[in-house]
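The structure appears right after this line, and notes come after that.
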Amino acid sequence: MVRITAFVRPHRLEEVKLAVAGHEITGLSVSDVRGTGNSPERAVWLGGYETLVALPIRSKIVVFAREDQAEELVEAIVHAARTGEPGDGKIFVEPVTDAIRIRTGERGATGL
């Protein structure tokens, strides 16, 4: 099993959700986060005023999947999230040693 964590632009979230749903993934977690990577700080217009956005808002998507689904899922997220501009985001893939469904006690990939 793997955990795939993607940080994407909020306006690309719907496309990413649809891409993930097309790969037999039944669980998805989304959070709004703030942070910066390689992109420099930039000024944007908010309410008629130019404001420096030090930590831009991003959508954080977390998905758990079988290892054999990982590469295909990453490709789908990249395709859905890419705008071609700096700040498109990042994807991290990490191994998961176990998953336990609390209600039934199922373990491993069946616990997903």
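Values quoted throughout were computed directly from the atomic coordinates according to the rules given, and no laboratory measurement underlies them. This is a predicted model, so every value here is computed, not measured. Cβ atoms come from the backbone with ideal geometry, glycine included; neighbour counts cover every protein chain shown.
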Q. What are the radius of gyration and Dmax of the chain, computed over its Cα atoms and given in Å?
A. 16.4, 54
Q) the chain: longest stretch without exposed trypsin sites (Lys or Arg not before Pro) (DSSP loop, at most 15 other Cβ within 10 Å), sites themselves excluded? A) 1-65
Q. Counting other Cβ atoms within 10 Å, which GluC sites (Glu not before Pro) in the stretch 1-105 have at most 15 and lie in a DSSP loop?
A. E24, E41
Q: Mind telling me which of D88, D32, D98 comes out most flexible in a GNM of the chain, alpha-carbon contacts under 10 Å?
A: D98
Q) Which value, in debye to the nearest 20, gives the size of the charge dipole of the chain about its Cα centre, when Lys and Arg are +1 and Asp and Glu are -1 at the Cβ? A) 360
(Q) Can you compute the helix-only [θ] at 222 nm over the chain? Use -39500 (n - 2.57) per DSSP H run of at least 4 residues, normalise by all residues, nearest 500 deg cm²/dmol. (A) -6500 deg cm²/dmol
Q.
Using only the alpha-carbon atoms, how far is helix 67-81 inclined from the longest principal axis of the chain? Give it as 0 to 90 degrees, nearest 10.
A. 20
